[in-house]
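Q: The structure is given below, and queries will be raised subsequently.
Read the figures in this text as sums done on the coordinates, not as results from a lab. Computed from a prediction, not measured in an experiment: that's the story for all the values here. Here the Cβ positions follow ideal geometry from the backbone for every residue, glycine too, while neighbour counts run over all protein chains shown.
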Amino acid sequence: MNAHNFFAELKRSNVYKMAVAYAVVAWLLAQIATQSFPFFEVPNWSVRLVLLLLVLGFSMDPRFQKLIADGEAAEAQAQTKP
């Protein structure tokens, strides 16, 4: 598979939109954690844990979005066959 087909497939399955949405929500959650956790005297390691989980989640989110899109395409194709 060449790079052009790969990126076209990612665009078709809305992986780009989902990655941007995840990045915005992750940024918001990171800001909330870094600003509010010290106020409530939550340990510093918990802020690091939240940030680590957000980064790990960002690496998994496009994969799940791709799997969902492929599953929907396969289901639609199965329904059209007699």
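Q: Could you grab the pairs with beta carbons closer than 9 Å, sequence gap of 6+ or different chains, first residue in segment 48-74 and without any contact (Cβ under 8 Å) to a residue 40 or more places away in the chain and farther than 18 Å from residue 8 by Cα, second one loosely packed, with under 14 Cβ neighbours inside 10 Å and aromatic (Phe, Trp, Tyr)?
A: Once the first residue is without any contact (Cβ under 8 Å) to a residue 40 or more places away in the chain and farther than 18 Å from residue 8 by Cα and sits in segment 48-74, its partners that are loosely packed, with under 14 Cβ neighbours inside 10 Å and aromatic (Phe, Trp, Tyr) give 54/27.
Q: Also: List the helices (runs of 4 or more DSSP H) inside the chain, counting only whole elements, that have at least 3 residues being surrounded by fewer than 10 Cβ atoms within 10 Å (Cβ to Cβ). Don't jump to the end; show me each part of the working.
A: On the way: elements: 3-12, 15-36, 44-80.
In the chain, 3-12, 44-80 are the helices (runs of 4 or more DSSP H) which contain 3 or more residues that are surrounded by fewer than 10 Cβ atoms within 10 Å (Cβ to Cβ).
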